[in-house]
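Everything on this sheet refers to the single structure shown next.
Bear in mind that the values in this text are calculations on the coordinates, not laboratory data. All figures in this text were calculated on a predicted structure; none of them were measured in a lab. Using ideal geometry, Cβ is built from the backbone for each residue, glycine included, and neighbour counts are taken over all protein chains shown.
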Amino acid sequence: MTALLQTTLLSFLLIGWCAAKSRTCRIVYPERPNDAPKTAFLFDGKKSTAVHLPSMTLSEVIELPGGPLSLCMTRASVQDSKALPAAAPKVIIPENVMDFYLIILPDANNAELPIKLNLVDAGNGKLLAGQTLWYNFTNHRILAKLGTTDFQIPPLSRAISQAPTPASGYYLARFAYQENATAAPAPITEQSWWHDAASRHVGFMVDTGGKLPKIYYFRDFRMPGQDNDSEQAVETE
């Protein structure tokens, strides 16, 4: 093997190793209050990164360093850990968590930022293409018929639903709920939704102040070597 071929092969191996070791996350702030911050800075111990805190879509993909990590969110950029506000919302990222979401919830008692950071590990096969990670923020049991998949989720919990159809295409999404998890099931909605078999999804069930819960989800499409895509949330009315 020539020196040129050896160098080229080594370069490809290094590129592949770096890609496999990359750590990424996306942020979403479901049902963000109108007066809540829409942007912030994510401090990884060495540098601050400006990030969006979107409510109706996923954030851009955020690249982070490997190893054990303590992430803090601040109002302003921080360049030195000694200058980090004591009340900055924080979440610990274990070394083996390389692909995750940060789900943001309100925290009115935090003086730095009125939010709480919740880590969701989505890597190592925990959330696969075609599946949807659901969060039920209501006190009701949610029942669903998603294409060929029957699914239910208890109050104030999270669960993963399987692909509603084997390939990409439209499917019928039917949702119902049991008020306080005890009443007879009552319909919420019946809609035709698009399923992207190449994407993972994150969905939320939330109270609206009215009678029916609201249900919506985001598509998280990843293409190696390119920015990923996130559509505006699909939601019930």
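Give me the percent relative contact order of segment 127-237, please, defined on Cα pairs under 8 angstrom at least 6 residues apart. Could you put the intermediate results ahead of the total?
Working: 274 pairs, mean separation 27.6, N = 111.
Relative contact order for segment 127-237 comes out at 25 percent.
Under 11 Å from the Cβ of Glu190, count the other residues' Cβ atoms, weight Lys and Arg +1, Asp and Glu -1, and hand me the total. Provide the component values of the computation, followed by the final result.
Details: positive: Lys145, Arg174; negative: none.
Here the count lands on +2.
Give a residue-ordered list of calculated ³J(HN,Hα) values for segment 140-146 (Karplus: 6.51 cos²θ - 1.76 cosθ + 1.60, θ = phi - 60°; whole Hz; x for Gly, Pro).
Couplings: 10, 7, 9, 10, 8, 10, 10 Hz.
For segment 52-90 and segment 177-195, what is the separation of their C-alpha centers, rounded to whole Å?
First find each Cα centre; the distance between them is then 36 Å.
For segment 23-126, what is the Kirkwood hydrodynamic radius in Å, using each pair of distinct C-alpha atoms?
Numbers: mean 1/r = 0.0725 Å⁻¹.
Result for segment 23-126, one decimal place: 13.8 Å.
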